[in-house]
């Protein structure tokens, strides 16, 4: 069965390809590029689930294929949940400039109060039946005092996973797949389709 991966982010696309492959899935993944879709969807919803569903529906209707999209937020307790669902649009500039801004805002906050979580929603849309499946999962962590570049993208250089007690940027793709909302969500999706 074909499933369209509704993202123009190459890092996310590679993650999804690895996750589906490592889970031994029968799904045949189709990228937006391979489907001839060049449009982006404005993520202006008031929740992760709204944004994920909006993208999945848009790409599913455009392609006629089962479509998967996701939305992720970083929720930092000491910053009243910011950057939250606006993780990508929270502060102007590059990914690095965004995470450096967080470190600047949190420079005087003690370790015990640096708790946070990545929360993400996968939405799958079936254009034939006009139905959705959604899977919401999260990872607990803390915000580091200093960044650590490495693998990953976004806020990974400042996010320390509670599960592994390591920077998210240090984790292998396979380690991330065990705990990430994408890895857990795809597992739930495959189970749902069996």
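Quick grid of which residues meet (1) surrounded by fewer than 15 Cβ atoms within 10 Å (Cβ to Cβ); (2) within 17 Å of the chain's Cα centre (by Cα):
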| position | (1), (2) |
| --- | --- |
| 111 | yes, no |
| 114 | no, no |
| 135 | no, yes |
| 167 | no, yes |
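Table: residues versus (1) modelled with pLDDT of 95 or more; (2) under 21 Å from residue 180 (Cα atoms).
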position: 53; (1), (2): yes, yes
position: 68; (1), (2): yes, yes
position: 75; (1), (2): yes, yes
position: 87; (1), (2): no, yes
position: 92; (1), (2): no, no
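Which of the residues spanning the stretch 83-109 are over 23 Å from the mean Cα position of the chain (by Cα) and exposed (fewer than 10 other Cβ atoms within 10 Å of the Cβ)?
Passing the criteria: 104, 107, 108.
Scan the stretch 143-164 and tell me whether some residue there is assigned to a helix (DSSP H, G or I), touching a residue at least 24 places away in the same chain (Cβ under 8 Å) and in contact with a helix residue (DSSP H, G or I) (Cβ under 6 Å, 6 or more places away or on another chain).
Checking the stretch 143-164: at least one residue is assigned to a helix (DSSP H, G or I), touching a residue at least 24 places away in the same chain (Cβ under 8 Å) and in contact with a helix residue (DSSP H, G or I) (Cβ under 6 Å, 6 or more places away or on another chain).
Could you please find all residues in the stretch 138-153 being more than 18 Å from the chain's Cα centre (by Cα) and crowded, with 17+ Cβ neighbours inside 10 Å?
Restricting attention to the stretch 138-153, the residues satisfying the condition of being more than 18 Å from the chain's Cα centre (by Cα) are 144-149.
Within the stretch 138-153, 144, 147 meet the criteria.
With the requirement that a residue be touching a helix residue (DSSP H, G or I) at 6+ places or on another chain (Cβ under 7 Å) and farther than 27 Å from residue 124 by Cα, what does the stretch 168-183 give you?
Correct list: 169 only.
Could you check, for the stretch 114-136, whether at least one of its residues is part of a helix (DSSP H, G or I), closer than 19 Å to residue 159 by Cα and out of contact with any helix residue (DSSP H, G or I) (no Cβ under 7 Å at 6 or more places or on another chain)?
No: the stretch 114-136 contains no residue that is part of a helix (DSSP H, G or I), closer than 19 Å to residue 159 by Cα and out of contact with any helix residue (DSSP H, G or I) (no Cβ under 7 Å at 6 or more places or on another chain).
Within the stretch 13-35, track down each residue that is at pLDDT below 95 and within 16 Å of residue 58 (Cβ to Cβ).
none
Quick one: in the stretch 64-82, of everything that is closer than 17 Å to residue 54 by Cβ and free of Cβ contacts under 8 Å to residues at least 60 places away in the same chain, which residue is surrounded by the fewest Cβ atoms within 10 Å (Cβ to Cβ)?
73
The values are calculated or read from the model by the stated rules, or taken from the named source; none is laboratory data. The shown structure was predicted, so the numbers you read here are calculated from the model rather than taken from an experiment. Don't worry about glycine lacking a Cβ; one is built from the backbone with ideal geometry, like all the others, and counts go over all protein chains shown.
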